[in-house]
Amino acid sequence: MNSRQQIILQMVIDTGRVSVVELAKATGVSEVTIRQDLNLLEKMSFLRRAHGYAEPLDSEDVETRMMNNYALKRELAEFAASLVNNGETVFIENGSSNALLARTLAEQKDVTIVTVSSYIAHLLKETRSEVILLGGIYQKKSESMVGPLTRQYVQQVHFSKAFIGIDGWQPETGFTGRDMMRSDVVNAVLEKGCEAIVLTDSSKFGAVHPYTMGPVSRFSRVITDEGLKQAHCERLQHDGLIVDIVSKPA
């Protein structure tokens, strides 16, 4: 995705429905070029095309959340992908940063991706990566599989690394999630004892949600951005985690 296409996406997210004429004026290219960009972005499931317009997907969709602060999340995904070797099998949980990681890995490496996210599985349908989508109760809002069956499937597959999304972290609570059933799936993954890596932007640190993911000793690493407070970084390191700080793009 080039810089012009990122501008188009941000305009659509910020404004809502935007005409091809407006997008052409804002980016300084022809309407023909804009239509080509919109065709590509729609194919990549980032927006929806209407006659003469582009419009955002439902605000709850993973696609739309992925495009909020896209450039930073892309940097986080690139760094996370660098930790994975060709031939590895990795678990990638739900969430916008994880979806970008899955796409990045599929573009760059020969890997097997295990996931509970139907969105991630769909995102990778035209890539060469092997995808294992675990079954369970389909949670429509998050496009994720949850429940006792999902727990059983997690126990039956093996992977070397697991990339986890979180909703909150505080020193007193550790990592937390806002959804009980999704948090339970994460805990099933953590019970396997693999290398568990938190992939998230720094806005989640300092927040707290009802459902515990952990204990923290089951996590190995945190990948986040330079917005992480120094005190939080020190506490995570004190708890035995490697903390990787990725710089925000200029």
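For the reader, a short list of remarks on this structure follows.
- Here segment 1-42 and segment 181-198 have alpha carbon centers that stand 39 Å from each other.
- Kirkwood-Stokes translational diffusion coefficient of the chain, alpha-carbon pairs, 20 °C, 1.002 mPa s, µm²/s: 114
- Accessible surface of segment 51-200 [probe 1.4 Å, protein heavy atoms]: carbon and sulfur percent: 47
- The angle separating the long axis of helix 70-82 from the principal Cα axis of greatest extent in the chain is about 50 degrees.
- Relative to the longest principal axis of the Cα atoms of the chain, helix 180-190 runs at roughly 60 degrees.
- Given the chain, longest segment not containing exposed loop GluC sites (Glu not before Pro) (DSSP; at most 16 other Cβ within 10 Å): 1-59
- Cβ-defined net charge surrounding E75, 12 Å radius [Lys, Arg +1; Asp, Glu -1]: -2
- For the residue pairs K140/K204; K109/K204; K109/K161; K43/K248, the alpha carbons lie more than 20 Å apart in K140/K204; K109/K204; K43/K248.
- Hz values of 3J(HN,Hα) by residue in segment 126-133 - Karplus curve (6.51, -1.76, 1.60), Gly and Pro given as x: 9, 9, 7, 5, 7, 10, 10, 9
- To the nearest ten degrees, helix 31-43 and the longest principal axis of the Cα atoms of the chain are 30 degrees apart.
- Antiparallel DSSP beta bridges within the chain, percent to nearest 5: 40
- For segment 66-130, the Cα-based Rg and Dmax, in that order, read 10.7, 31 Å.
- In the chain the longest region clear of trypsin sites (Lys or Arg not before Pro) that are loop-assigned by DSSP and have at most 14 other C-beta atoms within 10 Å covers 18-124.
- Difference of contour (0.36 nm per residue) and Cα-Cα distance, T33 to T112: 24.9 nm
- Value in Å of the Kirkwood radius, where segment 111-250 supplies the Cα pairs that are averaged: 15.8
- Per residue accessible area of the chain, 1.4 Å probe, in Å²: 46
The values are calculated or read from the model by the stated rules, or taken from the named source; none is laboratory data. Not measured: the values here are computed from a predicted model. Here the Cβ is made from the backbone with ideal geometry for all residues, glycine too, and neighbour counts use every protein chain on show. Just so you know, the surface numbers come from the protein's heavy atoms only, side chains and all, with ligands and any DNA or RNA stripped out. Shrake-Rupley method; radii C 1.70, N 1.55, O 1.52, S 1.80 Å.
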